[in-house]
1. 222 nm [θ] for the chain, helices only, -39500 (n - 2.57) per DSSP H run of 4+, per residue, to 500?
2. First check a/c for region 31-92, with a ≥ b ≥ c the square roots of the eigenvalues of its C-alpha gyration tensor; if it is under 1.5, answer rounded, and if not, answer prolate when a/b is larger than b/c or oblate otherwise.
3. Cα axis of helix 33-42 to longest principal axis of the chain: angle in degrees, 0 to 90, nearest 10?
4. In whole angstrom, note down how far apart the Cα centers of region 97-111 and region 1-65 are.
5. Can you tell which of C128, A39, L24 lies farthest toward the positive end of the dipole of the chain, using +1 and -1 charges on the Cβ of basic and acidic side chains (Lys, Arg; Asp, Glu)?
6. What is the local net charge at A95, summed over the other residues whose Cβ is closer than 14 Å to its Cβ (Lys, Arg +1; Asp, Glu -1)?
7. What shape does the chain take by its C-alpha gyration tensor, where a ≥ b ≥ c are the square roots of the eigenvalues and a/c under 1.5 counts as rounded, a/b above b/c as prolate, and the rest as oblate?
8. Once phi is turned into ³J(HN,Hα) by the Karplus curve 6.51 cos²θ - 1.76 cosθ + 1.60 with θ = phi - 60°, what whole-Hz value does each residue of region 78-84 show in order, with x for glycine and proline?
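No value in this document is a laboratory result; all are computed from the given coordinates. All of these numbers come straight from a predicted model, not from anything done at the bench. Counting neighbours? That spans all protein chains shown, and the Cβs are built from the backbone with ideal geometry, glycine included.
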Amino acid sequence: MTKARDRQRAEQRQAALDRVITALTASLPGLGRAEAGQAVSEAQGAQGIRLRDVDQHLADHPQALISGEANCPPVAIRLAKILHTAGHTAVVRPACTDCGRFNLDLPRLGPNGRFFINCSARNSKGTCDRCGRTDTRLAARRKGL
């Protein structure tokens, strides 16, 4: 039973990876399948949840890498950076939805897309539950701290 399940999961992983590579080569005409596979692997998106995320994102948004949309999984941001650095100028790297910088990782997800960490901290203001001050940066989200 375990071997059959492992074989089935490996086939599903390979099918998802093939879909991602096909989507990449379709949106970037100068990109070969081997180079696309290498880029996905380098972006750490060739297996697990990251593969599922990039597969789903490219299925929902086939032109994601040339649109520069910032509402995407982190693996798509890494993939765009790798492809752009490799010379594929059609790739538009997603930028922070607050400051517009694209040369950094965008770890936080907001309602309109991804944020640079400092922009996220700058935008997370509210009322402090401990002291009652308003319009202050919130460092913790739990009450009682």
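1. -15500 deg cm²/dmol
2. Note, shape of region 31-92 comes out oblate.
3. 30 degrees
4. For region 97-111 versus region 1-65, the Cα centre distance is 24 Å.
5. The residue sitting most towards the positive pole is C128.
6. Result for the local shell: +2.
7. Numbers: a/c = 3.40, a/b = 1.65, b/c = 2.06.
It comes out oblate by the Cα gyration axes.
8. Using θ = phi - 60°, the values come out as 5, 5, 4, 5, 5, 5, 5 Hz.
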